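Here's the structure we're looking at; comments come further down.
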Amino acid sequence: MVPVEQQPRSLVRDTALVFEGGGMRASYTSGMVVALLEAGIHLPWVGGISAGASNTCNYVSLDPWRARHSFTDFASDPRFGNWRSFARGQGWFNAQYIYEETSLPDQALPFDWDTFVASPAQVRIGAFDAAAGEPVYWGREDLATLRDLMVRVRASSTMPVVMPPVTIDGRVYVDGALGPSAGIPVDAARRDGFDRFLVVLTQERGYRKAPQRGLGYLRRHFRRFPAVVDALAARSARYNAAREELWALQESGQAYLFVPERMPVGNGERDIAKLRASHEAGLAQARREIPAIRDFLGLP
């Protein structure tokens with residue numbers, strides 16, 4: 001296999017690359033990151049929410065190793081998170097460690113900041129403002145340093161209850177999947193002028209999200225942030241509607257949807273063997289679909 005940095009590059013100008021969130025289901029869709037980099041396919045706009053934000057960063061920094069490792073072997077790290085970190089207030093997933101510490105040089109998941117900065121791609125990371133009840137999409141204008149980037153990826157990935165909210169510049173943020181886009185930030189790409197989309201999903205074709213349970217508990221837990229509970233209550237309807245819109249975009253030729261043939265793991269999976277198998281399955285499907293993706297993008 002020719003190293004990624006030596007691949008001939010196919011530059012696309014009119015299509016946005018959109019990564020859905022989904023926790024450890026991104027072990028599967030990280031295979032798409034690897035396949036696109038292997039194929040030398042580079043898109044001008046890349047955006048993601050939650051785990052999709054990590055896929056976004058790994059794609060823009062041209063790092064197939066980090067794309068794979070982030071959602072497979074790294075889950076065995078003793079500081080990754082568990083009930084002890086949850087009891088200490090760090091979260092079931094120890095987010096500060098996962099995002100802000102491991103990305104530093106000589107740490108478990110060193111991030112290639114220089115390559116990320118050098119990329120011409122427009123970047124969007126989505127989160128949810130807990131007080132205002134509104135989505136926010138950060139771009140390169142907000143990302144002057146590696147910490148600026150990673151604290152926002154952490155905020156985007158902060159699943160309610162199981163991870164503590166993140167404060168940035170005095171505002172409190174939780175998982176971007178609570179916004180109207182329901183974790184699939186096509187809306188952000190549209191606002192930036194795109195009307196064609198390569199969308200990487202983390203649920204199978206027939207999936208429909210069930211209504212949120214436990215709203216009474218959630219209202220007590222988020223009594224300072226009622227907008228979070230309102231968003232959780234609305235999320236299933238928003239998510240299902242967003243998916244229906246995607247099928248319509250696909251039918252009209254405006255979108256190519258990468259849809260897992262079978263999603264083998266849930267968002268909280270920790271079993272390394274299952275995560276590795278999930279990644280390999282996603283990579284195999286992505287490689288099979290690269291010719292069709294090239295055709296959709298108008299590439300030879």
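The values are calculated or read from the model by the stated rules, or taken from the named source; none is laboratory data. Quick caveat: nothing in here was measured; it's all calculated off a predicted structure. Cβ placement follows ideal geometry from the backbone for every residue including glycine, while neighbour counts extend to all protein chains displayed. Only protein heavy atoms, including side chains, enter the accessible area calculation; ligands, DNA and RNA are left aside. Shrake-Rupley method; radii C 1.70, N 1.55, O 1.52, S 1.80 Å.
Here are the numbers:
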quantity: Where GLY216 falls short, out of the listed (1) closer than 20 Å to MET163 by Cβ; (2) open to solvent by less than 70 Å² (accessible area, probe 1.4 Å); calculated: (1)
quantity: Selected residue [touching a Gly at 6+ places or on another chain (Cβ under 7 Å) and modelled with pLDDT of 95 or more] from ALA132, ALA127; calculated: ALA127
quantity: Residue within region 24-32 that is among the aromatic types (Phe, Trp, Tyr), surrounded by 21 or more Cβ atoms within 10 Å (Cβ to Cβ), under 23 Å from PHE128 (Cα atoms) and at pLDDT 95 or above present; calculated: no
quantity: Only one of ARG238, ARG243, ARG287, ARG262 that is of a type in the set (Lys, Arg), surrounded by fewer than 16 Cβ atoms within 10 Å (Cβ to Cβ), part of a helix (DSSP H, G or I) and modelled with pLDDT of 95 or more; calculated: ARG287
quantity: Residue within region 224-240 that is touching a residue at least 24 places away in the same chain (Cβ under 8 Å) and farther than 21 Å from MET159 by Cα present; calculated: no
quantity: Elements of type strands (runs of 3 or more DSSP E) in region 136-203, at least 1 residues being surrounded by 24 or more Cβ atoms within 10 Å (Cβ to Cβ) and among the acidic types (Asp, Glu); calculated: 171-175
quantity: Filtered residues of region 61-75 (kept if closer than 13 Å to GLU38 by Cα, of a type in the set (A, V, I, L, M, F, W, C) and either touching a helix residue (DSSP H, G or I) at 6+ places or on another chain (Cβ under 7 Å) or open to solvent by less than 10 Å² (accessible area, probe 1.4 Å) (or both)); calculated: LEU62, ALA67
